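The values are calculated or read from the model by the stated rules, or taken from the named source; none is laboratory data. Owing to the predicted nature of the structure, the values given are computational and were not obtained by experimental measurement. Note that we place each Cβ from the backbone using ideal geometry, even for glycine, and neighbour counts take in every protein chain shown.
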């Protein structure tokens, strides 16, 4: 994977080691450990999960879980958003969930909205969580997603409720994470490693300090060759340039979020390139072609035209 500053400057190429099937299974097994920790933060007991409702939507069996003893006033909006999102992505026969089943965990006050592919007892699952950020902006400019940035371009006919429109875009974003992990897990793993090792990439020195923290050492082993602090620093800085062509969230939260946000933009029919209202300046702003090149090179799934919402105007 290679990124530069948009004019060929400071090019950085990061390469993964060879991930065999066993390595990928081990990663998915570890994802269950990570995911159950996130579920606990959202108010779920991972040892005692109870399905609240199961529906079949657009050929996908969806198990909804509602956090016990938590408010449920936004559950209907979350459910409607997921169903709408499925109605779009299922128009592409290449976008499928393991076992054609999706788990959806709803906890409207939790600060977690996630997309996970994981293995438990040798069975693979796809799951998303719908938290507070699925229906409400956090207030932090760096977390403005496609749902927040370009909502004025969505056709109001498909939902009159702004909450449902935001839930739909969030669900599609989280599905994008799942499809990214299904189609190109090595890319996803490497980008996750970059985010952990480099942090916010404030300076090369800060990255060097971050990447040499003891618990991070095993993550460097997923690169071949292992990157320098300068390479990680420039890679993260370049990734912010690409993200400015999609949303604040894509610009400031790493390449995996860039992929999920771009997937959401493509499915939602939202603008990519210069017409996205991201208040971040880049020396060489990316156009639509630039963004899509970086997206596909980093394993982003290109949804079929039938799976894309028609933009108004």
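Tallying residues that are at pLDDT below 90 and within 20 Å of the chain's Cα centre (by Cα) within region 17-35 yields 0. Taken together, 172, 178 contain a single residue that is in a helix (DSSP H, G or I), in contact with a strand residue (DSSP E or B) (Cβ under 6 Å, 6 or more places away or on another chain) and not assigned by TED's automatic domain parsing to the domain that holds residue 217, which is 178. Pairs meeting the criteria (first residue in region 286-299 and under 21 Å from residue 189 (Cβ atoms), second residue exposed (fewer than 14 other Cβ atoms within 10 Å of the Cβ) and modelled with pLDDT under 90, beta carbons under 8 Å, at least 6 apart or on different chains) are 297/2.
Can you pull out the residues in region 193-222 that are touching a helix residue (DSSP H, G or I) at 6+ places or on another chain (Cβ under 6 Å), in contact (Cβ under 8 Å) with a residue 24 or more places away in the chain and part of a helix (DSSP H, G or I)? Once the filter is applied, which keeps residues that are touching a helix residue (DSSP H, G or I) at 6+ places or on another chain (Cβ under 6 Å), in contact (Cβ under 8 Å) with a residue 24 or more places away in the chain and part of a helix (DSSP H, G or I), region 193-222 yields 193, 197, 198, 204, 207, 219. Residue under question is residue 200, and the condition is that it be in the same structural domain as residue 248 (by TED's automatic domain parsing), modelled with pLDDT under 95 and over 22 Å from residue 31 (Cα atoms); does it hold? In short, yes. Among the conditions (1) in contact with a strand residue (DSSP E or B) (Cβ under 8 Å, 6 or more places away or on another chain); (2) on the phi > 0 side of the Ramachandran plot, the only one that residue 43 does not satisfy is (1).
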